[in-house]
Structure formats: C-alpha cells, structure tokens
C-alpha cells in the first residue's frame, strides 16, 4: 500500500509562493491551504464593519486592517487572513514590507458554513496564543447574530451573544458599537 504524502513547505517558501499567487492561502505548520472565495453577504458584512470601525477609531491610537493583511502566530507556525483586525498602538510587522502583523487586539471573522467550525475552535485556539489578543467577534452571514468573546483575568474568556436586529454590539476593548440593524443592512438572508 502506498501512502500519499503532502509536501511540507518552509515559511520562506510559503511567503515566496504567496507573493506570486493570484489567490490567498493560509500557512498551517508547513501546509499551504487555499482559501475559498467569499459570498456577497461576507463581503457586505466585512466592508460594513471595517468602514464603521475605521471611522470610529480614525483619531485614536489604533490601526485597522482588512483581510489582505496576514496574521502570524509564531507559537503555531501559522499565517492566516482574518477578516478584520484592530491593533492598539504600534503595529508589529514580521518584515520590512509590512505584509503580516503579530499583535492584534481585536479579530473579527465573518462565519460561513464551510469555515464556522474552524473559526470557532481551532483558529480561535491559535489566536489565543497571541498576548495582545483580547477580543474575538464572530458575525453570522444568514441571521442577525454576533458572538463576542472577551478575555478576562487568568486567561478566561467570556461569551456574549447578540441576536435580533435591535441588538447593539459594543466592543469591550475598543470604543466602538454598532447595531445589528445597521451592520446587516443590505444583507440578504437565505431561506
């Protein structure tokens, strides 16, 4: 019996391939995993959240990044592309080209059917290895629903759920809030 082997890549090989690629891929401990395309709802929700938080933090000591900025998690040898990241103070980049950061305070992911289990479990576990990371926002695409995880003392995380169009998401570590009615404006829910 012959077993198929998956080629393992170094970080440098991944970065070289990613720089030439037309499509984004995540790097997971030597494996390169292509990212799926996003739906219209995913794009609307990402853009809306990004635009609103950019305006809210424009004159404060934060940087806001969208899904083209990589996140490096050195403890897990993993690169990902979160949908939105907020950095407090100075961004710490992995290189002079400023293509990846290591110090997000807030990470936002728009959930899809194919990635929601990964975003909630494995990815969230890896994100928690970053000392700067204190708030995780998961936004559903097909209903008025947002999950907010906030870091407490002793590495405890508290979950707060928001549902219904009248709910208002208020971030704990950044001065920002948005009603779900505004966040989901122009989003079409599947039947």
>> Could you check region 54-82 and list, in sequence order, the residues that are in contact with a helix residue (DSSP H, G or I) (Cβ under 9 Å, 6 or more places away or on another chain), at pLDDT 95 or above and in a loop (DSSP other than H, G, I, E, B)?
In response: 82
> Does any residue in region 3-18 that is closer than 17 Å to residue 35 by Cα come within less than 6 Å, Cβ to Cβ, of a residue that is part of a helix (DSSP H, G or I) and modelled with pLDDT under 85 six or more places away or on a different chain, and which pairs are these?
Replying inline: none
> What's the number of the condition residue 56 fails, among (1) surrounded by fewer than 17 Cβ atoms within 10 Å (Cβ to Cβ); (2) closer than 30 Å to residue 189 by Cα; (3) over 15 Å from the mean Cα position of the chain (by Cα)?
Replying inline: (1)
>> Looking only at region 141-170, how many residues end up being buried (at least 18 other Cβ atoms within 10 Å of the Cβ), at pLDDT 95 or above and within 15 Å of the chain's Cα centre (by Cα)?
In response: 4
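The values are calculated or read from the model by the stated rules, or taken from the named source; none is laboratory data. Here the structure is a predicted model, which is why all the values come from computation and not from measurement. Because the Cβ atoms are built from the backbone with ideal geometry, glycine has one as well, and the counts that use them run over all protein chains shown.
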